[in-house]
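Since every read-out is calculated from the coordinates, none of them should be taken as a lab result. Just so it is clear, the structure is predicted and the values come from calculations on it, not from any experiment. Here the Cβ positions follow ideal geometry from the backbone for every residue, glycine too, while neighbour counts run over all protein chains shown.
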Amino acid sequence: GQQVMQIPQYQHVQEGEDFTTYCNSSTTLSNIQWYKQRPGGHPVFLIQLVKSGEVKKQKRLTFQFGEAKKNSSLHITATQTTDVGTYFCAVGSSNTGKLIFGQGTTLQVKP
Amino acid sequence: GAGVSQTPSNKVTEKGKYVELRCDPISGHTALYWYRQSLGQGPEFLIYFQGTGAADDSGLPNDRFFAVRPEGSVSTLKIQRTERGDSAVYLCASSQSSYNEQFFGPGTRLTVL
């Protein structure tokens, strides 16, 4: 079945530093979604990318979908302590909408 | 309006027992999903309902797991003869249609002793 590899597994940054997590697949993806899960919480939707080469921004967050639609990235500029959590990419099935999640990248931000 | 709710929030049971986990999706959402999340892992898909029917149950690990959504709203995940390996957080999500963003509930933490 479809799988996505997400790296790195963990990232510790100083507040104010940038952060990037990457999601890679060996197959072409129909779409990709990004979710954030705070410690002890549940996944919360951030964005969906559908088009090849698509770039979307939400304040300090920038999301990219690769030209070949096989990879995606989430970049956070000038991290804040509120950015702490685990960021998941998830591939949406073209048939049912079920999501296949990556392993997640856990971000720790030191104040 | 209210988000997705799940009950109970925690369930402790003994190996071999039967459990039911309930999900109340957002009103009007036709798509409903069950996922299972183990510590340090991403959510793992179990089953998807479109309306009352299970449109994709390919993620159910074995025949001890079953889910229903008889009226197209509330869903119940049923686990028979629980095993210690079933211990995880069971997440429910709903969406307006199959390809929209999914709204997750707080989850039910199942512990099988």
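Only lysine pairs 8 or more places apart, or on different chains, with alpha-carbon atoms under 23 angstrom apart are counted in the protein assembly as shown, and they number 24.
Charges were assigned to the Cβ only: +1 to each Lys and Arg, -1 to each Asp and Glu. The resulting dipole of the protein assembly as shown about its Cα centre is roughly 160 debye.
Across the options B:C92, B:V12, B:F66, the greatest Cα extent toward the positive end of the charge dipole of chain B (unit charges at beta carbon of Lys, Arg, Asp, Glu) belongs to B:V12. For A:A68 and A:M5, a Förster radius of 22 Å and the Cβ-Cβ distance give a FRET efficiency of 0.90, rounded to the nearest 0.05. Counting, for every residue in B:48-61, the Cβ atoms of other protein chains within 10 Å of its Cβ and taking the mean gives 2. Using a simple spin-label model with pseudo-atoms 7 Å out from Cα toward Cβ, A:K57 and B:V74 lie 4.7 nm apart. The label point for B:Q96 and the one for B:S38, both projected 7 Å from the Cα toward the Cβ, are 3.6 nm apart. Taken about its Cα centre, chain B carries a charge dipole of roughly 400 debye when the Cβ of each Lys and Arg holds +1 and the Cβ of each Asp and Glu holds -1. Here's the picture: a label point sits 7 Å out from the Cα of A:V44 along the beta-carbon direction, and within the stretch B:29-50 nothing has its amide nitrogen under 17 Å of it.
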